[in-house]
Amino acid sequence: MTPSLKNVNELPLPVQSVITEFATKLLKDLGDNVLTLLVYGSAAGSNFNQAVSTINMAVVVRSLEFSVLNQSLGLVKWGHKHKMATPLFLTKEYILNSLDVFPIEFSEVKEHHIIIFGEDIFTNLDIPLKDVRLLCEQQVKGKLLHLRQAYLDIGPNPSVLKKLLLSALSDLAPIFRQLIFIRGQNPLEQKEEMFGQLAKIFSLDVGPFLAVHHDKNKKAMISSAQVEAHLQNFLSQLEKLSRHLDSL
């Protein structure tokens with residue numbers, strides 16, 4: 001008998017059936033080896049947008065032999081057809097021994113996840129703030145360097161530059177949330193409000209972040225004529241933020 005799922009009704013309605021089918025098949029395939037199944041990211045909060053969001057899941061198993069991955073290939077391929085990102089396959093030991101290596105990634109899962117099967121490993125994780133702060137600084141300064149180099153390579157190509165900005169904001173959103181935590185506040189759940197919160201804390205112009213976010217969600221598109229100006233301001237705000245991080 002396949003074990004029953006829980007908390008599925010807490011997920012956004014459009015993803016409930018996909019997650020239920022995926023989880024049920026996975027539990028049937030892997031049986032007692034599965035310790036935890038959880039949904040994290042936008043599908044575990046209020047930011048899910050059916051048009052653009054993907055479903056993120058983590059599968060925590062007792063033993064992660066190669067055969068487990070091989071056995072899951074078909075199901076993962078099925079998930080891709082239903083806007084599901086490739087799940088994280090992990091063991092509890094790997095998580096506990098990797099908190100200093102992936103402090104932001106595990107902090108993001110800790111703050112936004114819904115357990116649909118098994119025990120909750122993430123809620124009580126102790127992730128040192130110093131590790132989070134260091135990686136946040138590396139990510140912000142690294143993204144600043146990457147964007148500058150990319151502009152020199154690409155030049156004033158509006159369509160490519162827009163894709164670059166969309167990707168950059170997606171990568172930076174979890175970094176921004178962790179920086180708000182580090183400054184002693186709880187990040188607001190809606191991304192628009194969270195970007196404003198970050199801007200207020202670090203005295204930034206929220207404009208370029210909101211413009212890119214609105215373009216991604218089809219609320220207000222950035223025109224070709226505007227892209228380079230938004231990139232310039234985006235870079236300027238990252239530069240300001242990186243200077244703040246030097247004194248954190």
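The values are calculated or read from the model by the stated rules, or taken from the named source; none is laboratory data. All of these numbers come straight from a predicted model, not from anything done at the bench. Methodologically, a virtual Cβ is constructed for each residue, glycine included, from the backbone with ideal geometry; neighbour enumeration extends over all protein chains shown. These area figures cover heavy atoms from the full protein model, side chains too; ligands, DNA and RNA do not enter into them. Shrake-Rupley method; radii C 1.70, N 1.55, O 1.52, S 1.80 Å.
Listing for the model above:
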read-out: Selected residue [of a type outside the set (A, V, I, L, M), closer than 14 Å to residue 169 by Cα and out of contact with any helix residue (DSSP H, G or I) (no Cβ under 7 Å at 6 or more places or on another chain)] from 233, 217; value: 217
read-out: Segment 163-188 - residue that is outside any helix (DSSP H, G or I) and not polar (S, T, N, Q) and, of those, nearest to residue 108 (Cα to Cα); value: 187
read-out: Out of 110, 92, sole residue that is within 17 Å of the chain's Cα centre (by Cα), basic (Lys, Arg) and within 29 Å of residue 132 (Cβ to Cβ); value: 110
read-out: Scan of segment 81-122 for residues that are open to solvent by 40 Å² or more (accessible area, probe 1.4 Å) and either within 13 Å of residue 44 (Cβ to Cβ) or of a type in the set (Asp, Glu) (or both), ordered by number; value: 93, 100, 105, 110, 111, 112, 119, 120
read-out: Qualifying position, being open to solvent by less than 70 Å² (accessible area, probe 1.4 Å) and farther than 26 Å from residue 103 by Cβ, among 210, 166, 179, 204; value: 210
read-out: Some residue of segment 17-37 being within 26 Å of residue 193 (Cα to Cα) and surrounded by 15 or more Cβ atoms within 10 Å (Cβ to Cβ); value: no
